[in-house]
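Inspection log for the structure reproduced underneath, given as structure tokens.
The values are calculated or read from the model by the stated rules, or taken from the named source; none is laboratory data. Keep in mind that what you see is a predicted model, and the values were worked out from it rather than measured. Cβ sites come from the backbone with ideal geometry, for glycine too, and all protein chains shown count toward neighbours. These accessible areas exclude ligands, DNA and RNA; they are computed on the full protein's heavy atoms, side chains included. Shrake-Rupley method; radii C 1.70, N 1.55, O 1.52, S 1.80 Å.
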Amino acid sequence: MADNRNGNVKAPDGKASGQSSTYTINLENFNKRLKGFYSHWNQHKDDLWGSSDAIAIATPPASEDLRYLKSSALNIWLLGYEFPETIMVFMNKQIHFLCSQKKASLLETLKKSAKESVGAEVVIHVKARGDDGSALMDEIFHAVHVQSKSDGHESPVVGYIVKEAPEGNLLEIWTEKLRNSGLQLGDVTNGFSDLFAVKDNTELMNVKKAAFLTSSVMKHFVVPKLEKIIDEEKKVSHSSLMDDTEKVILEPAKVKVKLKAENIDICYPPIFQSGGDFDLRPSASSNDENLYYDSTSVIICAIGSRYNSYCSNVARTFLIDANAMQSKAYEVLLKAHEAAINALKPGNKVSAAYQAALSVVEKDAPELVASLTKSAGTGIGLEFRESGLSLNAKNDRVLKSGMVFNVSLGFQNLQAQTNNVKTEKFSLLLADTVIIGEKLPEVVTSISSKSVKDVAYSFNEDEEEEEEQPKVKAESNGTETFLSKATLRSDNHEMTKEELRRQHQAELARQKNEETARRLAGGGSGTGDGRRSVRTSGELIAYKNVNDIPQARELVIQVDQKNEAILLPIYGSMVPFHVNNVKTVVSQQDNNRTGYIRIIFNVPGTPFSPHDASSLKFQGSIYLKEVSFRSKDTRHISEVVQQIKTLRRQVASRESERAERATLVTQEKLQLAGNRFKPIRLSDLWIRPVFGGRGRKIPGTLEAHVNGFRYSTSRPDERVDIMFGNIKHAFFQPAEKEMITLLHFHLHNHIMVGNKKTKDVQFYVEVMDVVQTLGGGKRSAYDPDEIEEEQRERDRKNKINMDFQNFVNKVNDLWGQPQFRDLDLEFDQPLRELGFHGVPHKASAFIVPTSSCLVELVETPFLVVTLSEIEIVNLERVGLGQKSFDMTIVFKDFKRDVLRIDSIPSTSLDGVKEWLDTTDLKYYESRLNLNWRQILKTITDDPEKFIEDGGWEFLNMEVSDSDSENSEESDQGYEPSDVQSDSESSSNDDSESLVESEDDEDDSEEDSEEEEGKTWEELEREASNADREKGDESDSEEERKRRKTKAFGKGRVPDKRDPRGNPPKRAKIR
């Protein structure tokens, strides 16, 4: 795919790059690599470097053509740039450069570094404009002779790259003089190949970035482009596809890849082949024929990109309605390709990769051996094909960690046995960029899938069955069939999106039930008590000693703020009570202007005050439940009540914070950047949740340090550290229709922000001021002041968004370093076009998916749901006539409560289904809201029965309806064990246990009311109301109906029959 090609790289004279910016050579890299070069040369002088005493490298003039030269590769590897028309001669004690004045000034900086690293003196020969350089060349040859004599060699050997023909007047003169100099010449090509073969961390990072771009272009541009062309039956030429793909590679932002365009180039013009005309050689090109995609056709796509001159490559083959022969050939090739990759381990021979691939083909399809390519790829790096590292059967070089290979394998000119000239002959090709790790190979282009389901397409029109389940037919000998990616088109039986979704959802249901069964079998879910630990009654001590109780001047209620106690006058003595023992305190006044104060205490063993260790230890204890006091001084009563309530609130807040801090996971310590690097900084940010305290809120600064972020304000106590290792998800949401631009971090473990325990920390800036015009008049849309104000707001919003974007880009680069690779961190950006309105908590909000989450980051409390933690999604209240529906998210951890997002507009239903389907989330639909707490309890209590009864398929509304219509008795769906089906009353129980009612939703409110403390009269009144609602067995049928009607809601009587007169169906879990 690339031969005699070299991409344009940065050159100090600006000719190749077209930029006039100041260039600097990375001296640290130069020192390290020059030392490595000399060490390798001395160690392998005889076997790889041709016994050379000096090495002469001549770089040709800059060219607009793509070409790969070892001389250019050495320039970039050693100096960071290509130095056109420059001659370098390396000797033991001297390094000579022959170049122009501009390059010489840049090379001057190397003198000290070369002396320190290898003890060599840098000698620069400046060629004047118009001079052919002959005299300077003679000086270099003289220096070679002088050093050789000093080393005891009469006839020195000069190594050079034999295969590189001289270009330009300077190099032609140099080559002529070199050959006529009387010096012995040797080839050093193998030496440079071995030197460049093992990459350092900087080089590997460049390869990974190039590979990410290449595979992203294949996945997010090439594949969708081909699908659209085929689906819409457009006529597009291979060369046109090549041009479009090349433009996308050179503008990575088009596929949302955050790499600088000036560092990117193509490895070769992208290759598109179809219609029976295939060439798997690296020098292939795209012709002007139109893309051919009729039945049994094959499309080959290959693209390669470079980042900082380091190459990557990926090639994929797409099958259109493949026949059995093509299906089998691709499966064998895929298996052979994986075998070749897996053989690339340190210590193995290079030939092991090809031998592994060949063994697979010989075993699974011996008839295809003759068509297999003679190589499984080559080494790749600064050169697209590194000489000496071809993955063929004869290469005995040893693989080392850090080597990089383009693993490319294919079948050439296979016969498809069709009657179409354009499809009877076909070829297959797969290629990936692979880095050899310490133990296992790493495929850095893996995001572009090559699995059968993602490359095989079907639009067979002959059989209706294939419309329901498109498959590529298998051979009659039992070869396993495989699902194609999608049915793209047909003339008469076009598949709708809904049918495709149903087909995909059916497959997801099967996978999800298998996954859930495995997890439940392993005890992966259970129930637990989520209550936090509270202090026992024995720990509540106001005074350690009787003498500590303050002396009262008069017998009145007193509040001791310091010791958190209430002193009550009882029988002439002041009796202390810790404020935590007080449940509620109320006051009232009668007609005689007499005030009453009533204090109710927490009593162990009563509702909402369970027994603790202390109360269980002293079970015979007698507890004071409440006390009442009367006073003529109503003002004092009001003050006491207010003081007690305030003290209770303060103590409860402190105890809550203490309990929360006790459960915190210990974080690592933040390492400040110090002198290592300048911290990445973003100023004037507000934080949520806000710090406590009464003072005026002030903005702060967010800084990225060595292992985490630090947010701080000018106040010393307002500081938050967020470790990189504790970040689960990071989001950047620029202001579009919102008033704020924000950065949001969702954490693995809680941290404290002020006195609040949280897993979500957000930093934001308001992009415009929220103001209200008080003049009352409506301003004209053409008012110059109004227009100017809107422009200022737009400019401010754009500037803030750009500042945030720059900060995010710098942090992403920091996270791209090897030490953070395992954290897999990158700022995710919400996809607004997929968003929908809903009520996740109490207020309506705009909920937006990202690549890995479902989020709502503007309104509080925030919503962050990790998609990988979702078991299934149930869309509830879906039906005709409904203006909205609800989404219930069930998590893989059945201990977690389900998440409900209510009141999603029905107009968003199709978009929500499409998003769920594309993210491989299994969803179901139901007409009612289900009682998920009861359902999950039933599942965890008897997981085996849940699996036996079909797993989650009890939620399948279509199956449930059809089964119940056919026969109630034959219903074998999943039902909770406590549900009976013998009588009508049990049906009513079912409805109450599975369908949430308004009463269920109000439980928490009633509980909270009881916690506040109720009078005996209130409790008795509630008990009698409960008795009346429950009813006695002797109640009449009419009375029970009346109560049931009331429970359903005012003015709405449940219809016991449907419009067709059939009896009502039971609500049940299937």
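Order 915-928, 77-90 from most to least packed using the mean count of other Cβ atoms within 10 Å. Spell out each step's value before the answer.
Details: 915-928: 18.5, 77-90: 23.4.
The most tightly packed comes first, giving 77-90, 915-928.
Can you give the accessible area per residue of segment 893-944, in Å², using a 1.4 Å probe? Walk me through the numbers before you get to the answer.
Working: 2520 Å² over 52 residues.
Accessible area per residue: 48 Å².
With a 1.4 Å probe and every protein chain kept in, tell me what percent of the accessible surface of segment 309-363 is carbon plus sulfur.
Values: 770 of 1510 Å².
The computed percentage sits at 51.
Hey, what did segment 201-457 get for relative contact order, percent, Cα under 8 Å, at least 6 apart? Walk me through the numbers on the way to the answer.
Numbers: 577 pairs, mean separation 54.3, N = 257.
After rounding, I find 21 percent.
Gln184's amide H: which non-local residues (gap 5+, or another chain) put their own amide H closer than 5 Å, with H modeled 1.01 Å from N in plane and none for Pro or chain starts?
Result for Gln184 returns Val158.
State which entries of Lys32/Lys345; Lys32/Lys450; Lys254/Lys913; Lys328/Lys913 exceed 31 angstrom in Cα-Cα distance in the structure shown. Let's see the in-between values first.
Details: Lys32/Lys345 26 Å; Lys32/Lys450 39 Å; Lys254/Lys913 26 Å; Lys328/Lys913 34 Å.
Checking Cα-Cα distances, Lys32/Lys450; Lys328/Lys913 exceed 31 Å.
How many angstrom separate the Cα center of segment 27-95 from the Cα center of segment 670-718?
Here the answer is 47 Å between Cα centres.
What whole-number value in Å² describes the accessible area per residue of segment 27-196 for a 1.4 Å probe?
Values: 7420 Å² over 170 residues.
I get 44 Å² per residue for segment 27-196.
At 1.4 Å probe size, with the rest of the protein present, what percent of the exposed accessible area of segment 832-957 is carbon and sulfur atoms?
Values: 2700 of 5410 Å².
C and S fraction of accessible area: 50 percent.
With no solvent and one point on each alpha carbon, what is the Debye value of log10 I(q)/I(0) for segment 803-891 at q = 0.19, 0.20 Å⁻¹?
-1.01, -1.08
How would Met205, Met723, Met802 rank on accessible area, largest to smallest, probe 1.4 Å?
Working: Met205 40, Met723 10, Met802 105 Å².
Correct descending sequence by accessible area is Met802, Met205, Met723.
Largest first and to the nearest Å, give the Cα extent of segment 201-457 along each principal axis.
That works out to 49, 46, 28 Å along the principal axes.
Before anything else, pin down the relative contact order of segment 832-957: Cα pairs under 8 Å, at least 6 apart, normalised by residue count, whole percent. Write out the running numbers ahead of the final one.
On the way: 201 pairs, mean separation 27.4, N = 126.
Once normalised by length, the contact order is 22 percent.
Please work out the average accessible area per residue across segment 201-457, using the 1.4 Å probe convention, and give it in Å². It would help to have the intermediate numbers written out before the result.
On the way: 9580 Å² over 257 residues.
Ligands and nucleic acids excluded, the figure is 37 Å² per residue.
Determine how large the accessible area of Leu98 is when every protein chain is in place; take a 1.4 Å probe and give Å² rounded to the nearest 10.
Per-residue accessible area (Leu98): approximately 0 Å².
Mind listing the phi-derived Karplus ³J(HN,Hα) values for segment 807-818, rounded to whole Hz, using 6.51, -1.76 and 1.60 with θ = phi - 60°, and x for any glycine or proline?
4, 4, 4, 5, 5, 4, 5, 4, 5, x, 5, x
Once all Cα-Cα distances of segment 27-196 are split into 5 Å bins that start at 0, what whole-number percent is in each one?
Result returned by the calculation: 1, 8, 18, 23, 23, 17, 7, 1, 0.
Report the Cα centroid-to-centroid distance between segment 882-941 and segment 287-317 in angstrom, as an integer.
41
Over 20 Å between Cα atoms: which of Lys209/Lys799; Lys678/Lys756; Lys759/Lys895; Lys209/Lys260 fall into that group? Can you show the working numbers first?
Working: Lys209/Lys799 28 Å; Lys678/Lys756 31 Å; Lys759/Lys895 18 Å; Lys209/Lys260 11 Å.
The answer is Lys209/Lys799; Lys678/Lys756.
If the chain between Ser285 and His153 were fully stretched, how many nm would it gain, using 0.36 nm times the residue separation less the Cα-Cα distance?
On the way: separation 132, 0.36 × 132 = 47.52 nm, distance 5.01 nm.
My answer for the length gained is 42.5 nm.
Report ³J(HN,Hα) in whole Hz for each residue of segment 423-434, in order, from the Karplus equation J = 6.51 cos²θ - 1.76 cosθ + 1.60 where θ = phi - 60°; Gly and Pro get x.
Couplings: 10, 5, 10, 8, 10, 10, 8, 10, 8, 9, 8, 10 Hz.
According to the square roots a ≥ b ≥ c of the eigenvalues of the Cα gyration tensor, what is the shape class of segment 96-143, taking rounded for a/c under 1.5, prolate for a/b larger than b/c otherwise, and oblate for the remainder? Don't skip to the answer; put the middle values down first.
Details: a/c = 5.17, a/b = 1.52, b/c = 3.41.
Here segment 96-143 falls in the oblate category.
Which order do Asp813, Asp942 take when ranked by solvent-accessible area (1.4 Å probe, heavy atoms of all protein chains), largest first?
My answer, sorted largest first, is Asp813, Asp942.
Assuming a ≥ b ≥ c are the square roots of the Cα gyration tensor eigenvalues, decide whether segment 660-751 counts as rounded (a/c under 1.5), prolate (otherwise, with a/b larger than b/c) or oblate.
On the way: a/c = 1.23, a/b = 1.14, b/c = 1.07.
The shape class here is rounded.
Could you work out the relative contact order of segment 394-462? I mean the mean sequence separation of Cα pairs under 8 Å and 6+ apart, divided by the number of residues, in percent. Let's see the in-between values first.
Numbers: 76 pairs, mean separation 18.8, N = 69.
27 percent.
With a 1.4 Å probe and every protein chain kept in, tell me what percent of the accessible surface of segment 54-108 is carbon plus sulfur.
On the way: 710 of 1480 Å².
On segment 54-108, the fraction of accessible area on carbon and sulfur atoms equals 48 percent.
If Rh is defined by the Kirkwood formula over all Cα pairs and Rg also comes from Cα, what ratio Rg/Rh do you get for segment 318-417?
On the way: Rg = 14.2 Å, Rh = 14.0 Å.
Rg/Rh for segment 318-417 comes to 1.01.
Could you order Trp686, Trp174 so the one with the most accessible surface comes first? Probe is 1.4 Å. Don't skip to the answer; put the middle values down first.
Details: Trp686 90, Trp174 10 Å².
Descending accessible area places them as Trp686, Trp174.
Kindly flag which residue pairs out of Lys70/Lys258; Lys219/Lys737; Lys35/Lys93; Lys219/Lys453; Lys199/Lys247; Lys400/Lys810 have an alpha-carbon separation exceeding 23 Å in this structure. Before the final figure, lay out the partial values.
Details: Lys70/Lys258 30 Å; Lys219/Lys737 30 Å; Lys35/Lys93 13 Å; Lys219/Lys453 14 Å; Lys199/Lys247 29 Å; Lys400/Lys810 32 Å.
Check vs 23 Å cut-off fails for Lys70/Lys258; Lys219/Lys737; Lys199/Lys247; Lys400/Lys810.
Could you grab the Rg to Rh ratio for segment 170-296? Cα atoms only, Kirkwood for Rh. Walk me through the numbers on the way to the answer.
On the way: Rg = 21.1 Å, Rh = 18.3 Å.
When Rh is taken as the Kirkwood radius, the ratio is 1.15.
I want the local charge near Gln147. Using Cβ-Cβ distances under 9 Å, sum +1 for each Lys or Arg and -1 for each Asp or Glu among the other residues. Each step should come with its number before you reach the end.
Details: positive: Lys93, Lys149; negative: Asp53, Asp151.
Result for the local shell: 0.
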